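Read the structure below first, then the notes.
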Amino acid sequence: MSWTKLNIKDHTYLQARFAEADCRACPDRAQCTTSATGPRSIAVLPRPLHEIQMHNRLDQRTEQWQRRYAIRAGIEATLSQNVRAHGLRRSRYRGLARTHVQHVLTALACNVTRVSDWVSSTPRIRRRTTRFHALCLSAATT
């Protein structure tokens with residue numbers, strides 16, 4: 001096995017490359033790699049960065065972090081709605097001033113759509129019930 005430094009998107013990883021002879025003889029090769037001929041290689045973060053990553057993942061389980069993230073999720077949903085329904089990523093005009101006017105009108109259209117959905121008794125777009133949600137609903141009624 002050999003260890004080398006590997007740069008992926010401006011981050012330095014440590015790459016472990018196994019010897020081809022060792023990989024071919026291994027009975028668990030199919031569970032390790034999908035490569036037909038090449039040996040297994042893995043990339044891991046250096047210890048300080050790995051510890052930071054693990055600390056951040058533990059923080060993500062706290063209620064405070066999830067409340068903060070819910071705000072971001074709402075903003076992401078708004079952007080996604082504007083991109084899908086109102087073509088936010090494409091500007092119909094050239095120039096910053098005209099593009100700004102388009103963005104303001106797009107935001108207005110999104111708000112009008114949301115108010116319309118809120119006022120109407122049935123939502124304009126009904127999301128499908130996921131299997132997990134249906135399972136939760138059936139478990140709650142029994």
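The values are calculated or read from the model by the stated rules, or taken from the named source; none is laboratory data. What you see is a predicted model, and the numbers here were worked out from it, not measured in a lab. When we count neighbours, we look across all protein chains shown, and the Cβ atoms used for this are built from the backbone with ideal geometry, even at glycine. Accessible surface is based on the protein model in full, side chains and every heavy atom, while ligands, DNA and RNA are left aside. Shrake-Rupley method; radii C 1.70, N 1.55, O 1.52, S 1.80 Å.
The figures follow:
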| item | result |
| --- | --- |
| Members of the stretch 57-102 that are among the polar types (S, T, N, Q), part of a helix (DSSP H, G or I) and open to solvent by 60 Å² or more (accessible area, probe 1.4 Å) | Gln64, Gln66 |
| When residues of the stretch 105-127 are limited to those that are under 22 Å from Leu79 (Cβ atoms) and exposed (fewer than 10 other Cβ atoms within 10 Å of the Cβ), the one modelled with the lowest pLDDT | Arg124 |
| Residue in the stretch 20-45 that is nearest to the chain's Cα centre (by Cα), counting only those that are assigned to a loop (DSSP other than H, G, I, E, B), surrounded by 11 or more Cβ atoms within 10 Å (Cβ to Cβ) and modelled with pLDDT under 85 | Thr33 |
| Any pair with Cβ under 9 angstrom, 6 or more apart, that starts in the stretch 2-13 at a residue that is more than 18 Å from Arg47 (Cβ to Cβ) and ends at one that is in a strand (DSSP E or B) and modelled with pLDDT of 85 or more | Ser2/Gln15; Ser2/Ala16; Ser2/Arg17 |
